[in-house]
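Below: one structure, written as structure tokens.
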Amino acid sequence: MWSTPARATRPPLPGVRRTALVATLAALAGVAGLAGCEREPEAPRPRARSEGIGWLGNGYRTKSLAVSRDLRRFAWTDQRKDHCRVVVDRRRGTRHARCGNPLFSPDGSTVAYFASDAMEEFPRVHLTVNGETSPVEVGNEGVVAFARSGGAWAAVAPARPASPSEADTGDAPRRRMVVFGPGGLLGEHHDTTTPSLAPDGAHVAYVATTAEGRQSLIVDGKVAREFPPPSIEYMPALKEARHGPNLEPEATARYLADGSLVVVALADGGWTVFHDDEVWSAYPGLRLPPESGFQVSSSPLLARPALLSGSLVTAEQAPVACWWERLEGDAERWRVVCNGQPVDQQVCDAPAQSIPIALTPDGRSTMYACQLVGPLGPDGQVDPKNLWVIRGGEKHGPHRFLWGLTLTPDARHHAFAAADAVEDTWYYVVDGKRYDGPWQHAFPAAFSPDGSSVAWAASPDRDGRRVDLVRDGDLVARGDVVMAPPLFRDGRFEWALKRGRSVRRVIVD
């Protein structure tokens with residue numbers, strides 16, 4: 001699955017929405033330098049051209065288009081009045097009464113979607129993977145997870161009510177979430193996290209809970225570890241009930257690059273970060289992002305060490321996991337830790353909750369946004385420009401808004417988007433150099449593997465209908481909205497766009 005780029009807007013910052021990003025190529029613009037970009041007169045300027053990937057039919061359902069990571073394959077939902085089909089590479093699938101949107105695996109070999117064959121009050125929903133329908137029956141669309149390589153998959157979805165009376169309760173005790181894979185059912189639980197697959201796809205792990213709140217680690221459908229209830233006073237996770245899976249972000253299970261597991265679960269010491277059988281850290285406190293839950297206002301617990309749920313990130317090529325933790329004391333003091341150890345000496349007044357920690361593939365370098373609140377100004381207000389970028393222990397800033405922290409694999413180059421007032425447009429900072437533009441929405445930048453070239457997409461319109469495609473500070477093409485982050489291949493950046501019914505690939509040399 002190609003993770004789509006979140007875009008930042010103001011206010012509030014950032015407007016993070018994991019939506020499918022549909023794009024249209026409006027025009028290939030003449031190369032125009034952006035303010036703040038100094039280039040040598042003889043420097044070659046990038047050129048843009050487009051190639052066709054495929055075509056969409058008359059029944060194309062808005063926002064259903066998916067493009068594989070290599071930008072070679074595409075799939076979409078053909079929605080008609082009385083039926084629907086999922087079309088993959090111009091091949092129409094089976095008719096259904098209801099169809100979900102298709103999703104590709106990272107390597108593009110596998111495409112999956114949920115569908116039901118009858119318009120029922122309690123529909124019988126099945127997952128179709130590469131044209132084969134899973135026999136496991138669920139009650140609604142769920143989440144599909146893939147391995148980092150290959151087409152291995154696992155899915156979790158709400159259980160179908162066994163009877164109307166069970167549905168009326170608003171919950172199905174002990175049978176709320178169904179987890180399954182190619183081999184069939186892996187488990188039925190009150191609630192779960194999203195499954196995680198080992199790098200080679202050989203194993204599936206997730207955290208599950210009973211109706212009484214007891215959590216356990218499930219690996220390949222069997223209980224690998226039961227977590228005892230906390231023996232200390234701890235902060236519970238209070239969240240609005242959704243159709244699920246609903247255990248995240250406070251709990252999670254993720255495979256690391258070496259096949260080991262990092263697990264966050266409620267255990268004896270509170271909210272605990274495990275690495276296989278080792279405890280990296282444990283916290284009585286828990287801070288939920290504003291969009292995912294309700295914060296308990298117990299003052300004794302608020303002064304205790306805490307985990308910022310949802311902040312966990314993992315390295316692509318090393319057994320390293322990093323997250324935000326709160327230090328003991330009445331004053332708010334936060335820091336970033338990796339494998340339970342602080343990454344530097346920096347302590348922040350608050351974490352930038354919506355801005356993910358950037359981590360190099362080898363796990364040796366980080367970049368993160370840190371809020372440092374200064375003294376009150378003459379007007380009695382705190383200076384709103386209090387966000388700093390911390391890279392290798394060094395501070396860059398301050399800014400009022402930040403988004404899209406990006407590091408090259410060797411950590412020698414970095415980029416981010418920033419804005420210094422609500423009424424200001426976004427600009428990009430690349431290795432300390434500023435690139436201004438008329439951008440109302442900002443998407444994360446992407447570097448070439450050696451860091452010598454950088455590209456990004458940013459929208460000059462408040463409604464996001466147009467997007468500028470930029471390479472090394474030059475505006476090279478313009479579209480409506482971009483499907484996914486730029487792909488660097490054979491010395492070129494490539495984007496996937498949609499123009500009318502044409503799905504196209506924009507190539508920037």
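Readers should treat all values here as calculations from the given coordinates under stated rules, not as data from a laboratory. If you're wondering where the values come from, they're calculated on a predicted model, not measured in any experiment. Here the Cβ positions follow ideal geometry from the backbone for every residue, glycine too, while neighbour counts run over all protein chains shown.
Summary of values
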| item | result |
| --- | --- |
| Spin-label model distance (nm) - Asp117 vs Gln381, 7 Å beyond Cα toward Cβ | 6.2 |
| Separation of the Asp461 and Thr94 label points, Cα + 7 Å toward Cβ, nm | 4.0 |
| Spatially close lysines, pair count over the chain: Cα under 26 Å, gap of eight or more or interchain | 6 |
| The chain: relative contact order in percent, alpha carbon pairs under 8 Å with at least 6 residues between | 15 |
| Cα pair distances in region 312-393, grouped into 5 Å bins until the bin that holds the longest one, percent each | 3, 15, 25, 23, 15, 9, 6, 3, 2, 0 |
| Packing-based order for 418-427, 52-61, using average beta carbon neighbours within 10 Å, highest first | 418-427, 52-61 |
| Volume in Å³ per residue [convex hull over Cα atoms, computed for region 254-316] | 91 |
| Under the Debye formula (equal points on every Cα, no solvent term), log10 I(q)/I(0) of region 378-509 at q = 0.12, 0.14, 0.17, 0.21 Å⁻¹ | -0.49, -0.65, -0.90, -1.26 |
| Beta bridge orientation in region 420-468: antiparallel %, DSSP, nearest 5 | 100 |
| Spin-label proximity, Arg501 to region 83-120 - amide N less than 15 Å from point 7 Å beyond Cα toward beta carbon | 87, 90-92 |
| Where Rh is the Kirkwood radius over Cα pairs, Rg/Rh for region 415-468 | 0.99 |
| Whole-number percent relative contact order across region 96-238, with pairs defined as alpha carbons under 8 Å at least 6 apart | 15 |
| Within region 259-381, percent of DSSP bridges classed antiparallel, to nearest 5 | 90 |
| Cα-based shape type of the chain, given that a ≥ b ≥ c are square roots of the gyration tensor eigenvalues and the cut on a/c is 1.5 | oblate |
